[in-house]
Amino acid sequence: MKYLVPGLTSLLLFVQFLAVAQRGTSGSGRLPSKAPVHKKVAPAPPTAPAPAGLVVPSWLPSEAPIQPAATILTEVTDTKLDVRFDYKKQHLLGTALLTLRSHFYPQSELVLDAKGFDVQKVELVSDKKTKNLTYNYNRRKLVIALDHPYPRSTPYQVRIVYVAKPNELPQGGSAAITNDKGLYFINPLGAEKNKPRQIWTQGETESSSCWFPTIDKPNQRMTQEISMTVEKQFKTLSNGLLTSSHANPDGTRTDTWKLSEPHAPYLATMVVGDFAVVSDSWHGKPVDYYVEPKYAGTARAVFGHTPQMLDFFSKKLGVEYPWEKYAQVAVRDYVSGAMENTTASTFGSFVQTTKRELLDANFQTSEFVVAHELFHHWFGDYVTCESWANLPLNESFADYSEYLWAEYKYGADEAGLVQEIKINNYLEEAQSKREPLIRYRYVNREDMLDRHSYDKGGRVLHMLRKYVGDEAFFASLNRYLTQNKLSAVEISKLRVAFEETTGEDLMWFFNQWFLKRGHPELRITHSYTNGQVSLRVQQTQDTLFQPVYRLPVTVAVWTGSNQPTEHHITVTKADQTFQLPANQKPNLVKFDSESQLLAQFDEERTTDELVFQFYHAQSYQQKSEVLELLQNKTDQMSVSSMLRNALNDKFWNVRRLALDHLRRYRGPEPEGMRKDIQRLASDPVSRVRAQAITTLATFPDGNYGSIYGKAVGDSSALVAAAALEVLAKKPEPTTRQQVAAIENTTSSPLLVAIASYYALNGNLDQYPWFLRRLPDVTEGDLYAYFQSFGTLMTHIPPVERDKGLKILEDYARNAPRYDIRLGAYKSLALLLPSMPSLKATLQNIREKETDDRLKAFYNLM
């Protein structure tokens, strides 16, 4: 499914918090990232009472219903759509011609998913004549009586004339997909002057049936042709190739897009809008980037690695990119991070960037999302999960592609950073939720869109790669793709592909990592006696609800030499001791020296051993671990010296982490350390410069106003924003003038920082600025912007607040994203002490809110 944008991680964790608050003993979740439910789902039944004395862990989910793969009675083999749009009503006027056949048993009835339509005509189409068919329709399912039973050898065609009304559907969504109405009209009447008019769709999980009739299940597969009639100034995009485009007498234009290879219905897409198209190619296939015209100059910087990715992934998998073109489009108000629609991936507007913002570009949120959605075109589009229970067969691979790309393009350190971030994402979620990766029990199918399916799944694939070796890993993936191409599969197909390739029964690996919940929690200790290291490994996880793991792992023993002795061991017991030869007492014994296990570690090491580990680290993760574990021991000379060494590390994130851990440094030579930090305020990497600014601000006795002032004018918006956050709390005499000079910036992160400054230092004079700049703040930054807006309004007379109150109330009631509604609501709540009359408004907002997550939060406030 969608990409969970790293910036959405905190939002996902917030959702889990709400779930815990609602259910008491468990969380629910997908981002990462990487969002939203048509129907209101009944709460899960309570967990069965535990036997006396048994402590049930808080992360154990309540019992949920079994959700098997959909039974296939009928197959949709081809879909032809002819659509036009009513912008005023936000309706789609459509004609669908479906080619179908019975799967095995003859069928006399056709059941289609069709959500919220006005169905105007249903007819059977043949070469000889057209026949009207009788049907029943409950606005969810369209049940059509066929003229006779059709055997599987006889395909037939049904034409349906309908009107889709997405805005009249019940509102639903999840953490990964914040809305599920399938079809979206953005600024349809052009009333918002700073927002383009657009139409786009979002099909996953089962929302394609909100805009065309189909059997909306991942184990269906169809070819497709979509004709869109649009205003002539707009461009269109859909799956496959543009096969025709002709002008109509009424001034409109009809574009027809055809996908010749079959895909699942949830991958169907349409996009309409005013886009600049930047064209590229790969092996003769079109590769296009659709962006708003003002971003045409930076589109290639954002998407330009796509041809290289196509080449890398094709060669790595031994399966050339299997589709006829590849396009990528950025749209406004998108309800997820991005989506792998076949041949036409859709991205939220966060990928569009100015030249200045490129200075802060973090490929984890732009380049990685491009890799993620592209890799889906093998894992998800070419070979598709047969049910949402098997979603990790799509998402784990797309998630792991980010590691593969970082490793190939940027090297081991960047790949190690990806590994670290992903493990931490999963472990955060695992505090309140632990599920099997492949899980047939869930309340809502979008519960599958979580950090398990993404981050945990990607790490499980990494462990599988390390176990079988690179050659076998990619040969197995090639077998899996070629044997199952253009079909829907379950987890056993992946296991069999690996077993047939390696010759080894891998049920143990798939059982413990894909079919069981949880992860190892390891206590590692060691001692040295008589030429042997005694290494004790204890699995401390609750093995009543989680397995005792079989863990093949490498242990590195460092003695006097510069190279360690590596020992390959396999942990199979809950408490196990290994004897490792060593000719002298080791300087360091490092369990999992390749940093490949998905686990929580309690590994006993002295400060001297940890410092030794930093200087002899074989990976970024080993350095990062040391910095984390020793951050509270900066008063020790060896640690202080190590941190100063870390400030000069070749990898930017080691420098940044060292700066982060040096906040409020009180160790030896504080002036020398502060000079080192000041030096990094001019580091070539903007994220390091920004951290240096933030760290300097934690030293209460320093005077760094000139550094902060200089940083406000930095070429990087990230650095300027960091400086403004500091100056908001401790302004310099020239700060107000500096802020006024940049308050017309187009950078959303910088607007948020300016808003934070004005919230603490502004008055009625800045009130118009907040109102004027609000349309320029991106959706992802509105939550923070609203908090500053509300804070500023507490400093101005109530009589002056009317316009701001109306805007906040409108957002709190009607914003399409629930996090934005929450931000506006909290901003209004800040004003309650000085405006008791708002109590009724806030109560009415709570009462009319339909999103269960927000209702749970409001109940807690």
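At a glance:
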| item | result |
| --- | --- |
| Close pairs from region 539-560: first farther than 16 Å from L598 by Cβ, partner of a type in the set (D, E), Cβ under 7 Å, at least 6 apart | A556/E566 |
| Residue, surrounded by the fewest Cβ atoms within 10 Å (Cβ to Cβ), within region 662-695, restricted to residues that are modelled with pLDDT of 95 or more and more than 18 Å from D649 (Cα to Cα) | T694 |
| Residue list for region 229-266, filter: out of contact with any helix residue (DSSP H, G or I) (no Cβ under 8 Å at 6 or more places or on another chain), within 21 Å of E204 (Cα to Cα) and not small (G, A, S) | T236, L237, W257, K258, L259, E261, P262, H263 |
| Boolean, A488 is at pLDDT 95 or above, within 25 Å of A398 (Cα to Cα), assigned to a strand (DSSP E or B) and within 31 Å of the chain's Cα centre (by Cα) | yes |
| Contacts under 7 angstrom Cβ, first residue in region 131-142 being aromatic (F, W, Y), partner surrounded by 11 or more Cβ atoms within 10 Å (Cβ to Cβ) and not in a loop (DSSP other than H, G, I, E, B), 6 or more apart | Y135/V122; Y135/L142; Y135/V143; Y135/I144; Y135/A145; Y137/V119 |
| Filter pass, E407 being touching an Asp or Glu at 6+ places or on another chain (Cβ under 8 Å) and surrounded by fewer than 23 Cβ atoms within 10 Å (Cβ to Cβ) | yes |
| Selected residue (criterion: surrounded by the most Cβ atoms within 10 Å (Cβ to Cβ)) from residues of region 839-861 that are modelled with pLDDT under 85 and not in a helix (DSSP H, G or I) | D851 |
| Looking only at region 737-778, and only at residues there that are among the hydroxyl-bearing types (S, T, Y) and not in a helix (DSSP H, G or I), the one that is surrounded by the fewest Cβ atoms within 10 Å (Cβ to Cβ) | T746 |
| Close pairs (6 angstrom Cβ cut-off, 6 or more residues apart or separate chains): assigned to a loop (DSSP other than H, G, I, E, B) in region 669-685, among the small types (G, A, S) anywhere | A681/A692 |
| Within region 424-449, considering residues that are more than 20 Å from P57 (Cβ to Cβ) and assigned to a loop (DSSP other than H, G, I, E, B), the one modelled with the lowest pLDDT | N444 |
| Breaking point among (1) crowded, with 20+ Cβ neighbours inside 10 Å; (2) under 24 Å from V537 (Cα atoms); (3) not assigned by TED's automatic domain parsing to the domain that holds Y549, for E628 | (1) |
| Residues being surrounded by 17 or more Cβ atoms within 10 Å (Cβ to Cβ) and assigned to a strand (DSSP E or B) - total across region 579-591 | 5 |
| L237 vs. criteria at pLDDT 95 or above, in a strand (DSSP E or B), touching a Gly at 6+ places or on another chain (Cβ under 7 Å) and surrounded by 15 or more Cβ atoms within 10 Å (Cβ to Cβ) | no |
| Filter result (in a helix (DSSP H, G or I), out of contact with any Gly (no Cβ under 8 Å at 6 or more places or on another chain) and more than 26 Å from Y440 (Cα to Cα)) within region 450-481 | K466, Y467, V468, D470, E471, A472, F473 |
| Selection count where residues are within 24 Å of the chain's Cα centre (by Cα) and either hydroxyl-bearing (S, T, Y) or more than 14 Å from S748 (Cβ to Cβ) (or both), scope region 771-796 | 3 |
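The values are calculated or read from the model by the stated rules, or taken from the named source; none is laboratory data. Because the structure is predicted, anything quoted here is derived from the model rather than measured. Because the Cβ atoms are built from the backbone with ideal geometry, glycine has one as well, and the counts that use them run over all protein chains shown.
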